[in-house]
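Student: Sharing a structure here in structure tokens format.
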């Protein structure tokens, strides 16, 4: 199984671990979790060990090691000692995996979420909606924002700067 969903977990212990691991905050955007980003891919007990597979937002993500440690630490804290965390790069992470409710959290945090309609044509929406005032009269300042997965924009209406989460 490449991708589990919380609803597909029939074993109560696996379900509990899924909830635990999925609730770990993203280190760069703490208002959403790695579960909401769709980074948790599979959890299974193999032999005596729990195996957690997760997909970073991109293969060079500098937070990968930190997330692996966060997953192990969260499970160890709950009494799971034999834990293996594996990075799963296939399929590659995509912004399609971000939950719709999480896109609202991004807006409230001041980050314009990826716009699937805009993603069909380019990785960067030419005019994302400003998360502060809702205007689409926006202009890209830099193709790279606070992290490589975001571009930096400025709203021409409210004049506020903001990051846009690029489509991947």
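No lab work stands behind these numbers, since they all come straight from the coordinates. Because the structure is a prediction, the values reported are computed rather than measured. Reconstructed Cβ throughout: ideal geometry from the backbone, glycine too, with neighbour counts over all protein chains shown.
Student: Taking 45 Å as R0, compute the FRET efficiency from the Cβ-Cβ separation of residue 152 and residue 10 and round it to 0.05.
Tutor: So, using R0 = 45 Å, E works out to roughly 0.50.
Student: On C-alpha positions alone, give me the angle between the axis of helix 12-22 and the longest principal axis of the chain, in degrees, nearest 10.
Tutor: Helix 12-22 and the main axis of the chain meet at about 30 degrees.
Student: Next question. For region 71-105 and region 145-168, write down the distance between their C-alpha centroids in whole Å.
Tutor: Comparing the Cα centres of region 71-105 and region 145-168, I get a distance of 25 Å.
Student: So, one more: Looking at region 32-88 only, what percent of DSSP beta bridges run antiparallel? Nearest 5 please.
Tutor: 55
Student: Next up: So, by mean Cβ neighbours within 10 angstrom, what's the order for 20-26, 154-160 with the highest one leading?
Tutor: Numbers: 20-26: 17.9, 154-160: 14.6.
Answer by packing, highest mean first, reads 20-26, 154-160.
Student: Measure nothing but the geometry: give the 0 to 90° angle between the long axis through the Cα atoms of 64-77 and the longest principal axis through the Cα atoms of the chain, rounded to 10°.
Tutor: It is inclined by approximately 50 degrees.
Student: In addition: Give me the percent of DSSP beta bridges within the chain that run antiparallel, rounded to the nearest 5.
Tutor: In the chain, approximately 70 percent of DSSP beta bridges are antiparallel ones.
Student: Out of the DSSP beta bridges found with both residues in region 98-165, what percent are antiparallel (nearest 5)?
Tutor: On the way: 9 of 11 bridges.
Expressed as a percentage, antiparallel bridges in region 98-165 total about 80.
Student: I've got another one for you. How large is the Kirkwood hydrodynamic radius of the chain, in angstrom, based on all distinct alpha carbon pairs?
Tutor: 16.9
Student: Okay, moving on. Using helices alone, I'd like the mean residue ellipticity at 222 nm for the chain: each DSSP H run of four-plus residues gives -39500 (n - 2.57), total over residue count, nearest 500.
Tutor: -7000 deg cm²/dmol
Student: Normalised by the number of residues in the chain, what is the relative contact order in percent for Cα pairs under 8 Å and 6+ residues apart?
Tutor: Reported relative contact order: 16 percent.
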